[in-house]
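The values are calculated or read from the model by the stated rules, or taken from the named source; none is laboratory data. If you're wondering where the values come from, they're calculated on a predicted model, not measured in any experiment. When we count neighbours, we look across all protein chains shown, and the Cβ atoms used for this are built from the backbone with ideal geometry, even at glycine. Accessible surface areas use protein heavy atoms only, side chains included; no ligands, DNA or RNA. Shrake-Rupley method; radii C 1.70, N 1.55, O 1.52, S 1.80 Å.
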Amino acid sequence: MMRKFVSDRAGRNIILVRSFHHLKQLLQRPLSATQSRFLSSTVLDSTSSMASSNSSAPPVNLDTINPKVLKCEYAVRGEIVTLAQTLQQELQSKPGSHPFDEILYCNIGNPQSLGQEPITFFREVLSLCDHPAILDRSETQGLFSADAVERAWQILDQIPGRATGAYSHSQGIKGLRDTIAAGIEARDGFPADPNDIFLTDGASPAVHAMMQLLIRSEKDGILCPIPQYPLYSASIALHGGTLVPYYLDEATGWGLEVSELEKQLDNAKSKGVIVRALVVINPGNPTGQVLAEENQRGIVEFCKKERLVLLADEVYQENVYVPEKTFHSFKKISRSLGYGEEDLSLVSFQSVSKGFYGECGKRGGYMEVTGFNADVREQIYKMASVNLCSNISGQILASLVMSPPKVGDESYESFSAEKEGILASLARRAKALEDAFNNLEGVSCNKAEGAMYLFPRIYLPQKAIKAAEAVDIAPDAFYCRRLLNATGIVVVPGSGFGQVPGTWHFRCTILPQEDKIPAIVSRLTDFHQGFMDEFRD
């Protein structure tokens, strides 16, 4: 058997040698078209087979995915939150395994996850719309308010087949857009067209849609505030554009100076960047400032002069906590200046996730698109059509947010009490946390005039900065990680929002329930004192 094996192997070697000499001769003389195709196919098949057999790499890895995805970051649900979720699982499986008994998520504007109750009228209408069979039952009158029943009938009559589980028009149900337009008109005192309304699954898809529309290449830039909500930097990265930063002035309560906009616009132009739009977040996220009317007029004039699309993030329009400030939409400001459709391209974003309603999981919102010609509007509609439509519950909620109960309605008093109670509590929580931060060594915090966040600045000791550098993370992320491990409190490093180089911050929501604020302040104070003592220079 051994002799036969050796003999067979020798025979195969002779054949291989002869085949090699034959191949060499073929390569040294001109080939016919048929021979060329056959040889190319044979060599490619052989090479492909060898590569396939020798490679263990998966077909999709970090080297083969879209590099724009790698560039995109979203700190609000980033590394700190992942660590918090791991700690939460450990607390559930091993109670007492950490020096705290619960994780307090102060990282994201998600009110109902922290105990905020939904608005009764809104949920009554939603329930009735989703199960219209109960509208005709006698017991329904005793369980639901009369105006909720009436509103549910009105909404269902606007939905073809009264089917909330069916697709709608790609811009949203026409009757609901009529209601929203009427609400905008009542708010601003200027007409609104339901055909300008595009209902979306929260404000985020609307922002993505605008970035997709405006960004053609990395040469296209979007002016964005720093600090900013990371949705904007992430969306600009995903769509391949360039973020052009303009810095809010922390020393003046996160002021937005038109001179800073002009400076950054000129700087971008000098680098060959074509700036397409300006993002303004009012009230501010993560900074909580509310713009003054005069400031807004200057911003509108700047956009008109420079022919920039104004992208107005107004999702916190109900969240204003100081009597000296009032929310004004950019649509109202531009119309009060006498500017119409032909003067300014303006996209305004609204969401059911914020305000006093906090219906984040329902994913409702809209954008009002004005100042675009018919050809471009057709393209925006086409983009909406690709996604078929936004969810119907979110559409209904968006209409309720813009048209709540009115004086004389059965639900008006209970609705007003719920709304005012939530907003007053948020104001108290904001003040308690603001005072707590300002009482910490090496921390300063501007007043939260609106929105749902505070963005305190931390003056970290050099020893702490060097310790962070030693483990290759940003100093504010180092602080936030240590805070989480010691207290269970989840906040987001300022480096995830952008900040003036050399400064460090973190964002903390004001959303934990009021009875938990003292415990948060106590834990935070004890941790911070220990941290400063450990790393004192």
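Odds and ends about this structure:
- Whichever aspartates and glutamates have a C-alpha closer than 17 Å to that of LYS354, once near sequence neighbours (fewer than 8 apart) are set aside: GLU117, ASP201, ASP313, GLU314, GLU318, GLU418, GLU420, GLU449
- Local charge for LYS354 was computed over the other residues whose Cβ lies under 14 Å away, with Lys and Arg +1 and Asp and Glu -1, and equals -1.
- Structure-derived mean projected area of the Cα convex hull in nm²: which label, when the choices are (1) 40.9; (2) 50.7; (3) 45.4: (1)
- Gyration tensor over alpha-carbon atoms, the stretch 203-351, equivalent ellipsoid semi-axes in Å: 22, 17, 16
- What the chain shows is 48 Å² of accessible area per residue, with the surface traced by a 1.4 Å probe over protein heavy atoms.
- At least 24 Å along the helix axis (C-alpha) and Kyte average at least -0.5, DSSP helices within the chain: 2-27, 33-54, 412-438, 517-535
- Modelled label positions at TYR167 and GLU139, each set 7 Å beyond Cα in the direction of Cβ, lie 3.8 nm from each other.
- Zone residues, the stretch 79-123, relative to TYR412, backbone N less than 17 Å from point 7 Å out along Cα-to-Cβ: 121-122
- When both bridge partners sit in the chain, DSSP labels roughly 50% of those beta bridges antiparallel.
- A convex hull fitted to the Cα coordinates of the stretch 383-520 yields 187 cubic angstrom per residue.
- A simple spin-label model places the labels of LYS174 and GLU306 4.0 nm from each other, with each point 7 Å out along Cα-to-Cβ.
- In the stretch 203-351, the portion of solvent-accessible area held by carbon and sulfur atoms comes to 47 percent [1.4 Å probe, whole percent, DNA, RNA and ligands not counted].
- Net +/- balance of residues flanking LEU91 in space, Cβ distance below 12 Å, scoring K and R +1, D and E -1: -2
- At R0 = 56 Å, FRET efficiency that the Cβ-Cβ distance of ILE65 and SER259 yields, to 0.05: 0.85
- Under 16 Å, Cα to Cα: Lys pairs in the stretch 203-351, sequence gap 8 or more or different chains: 7
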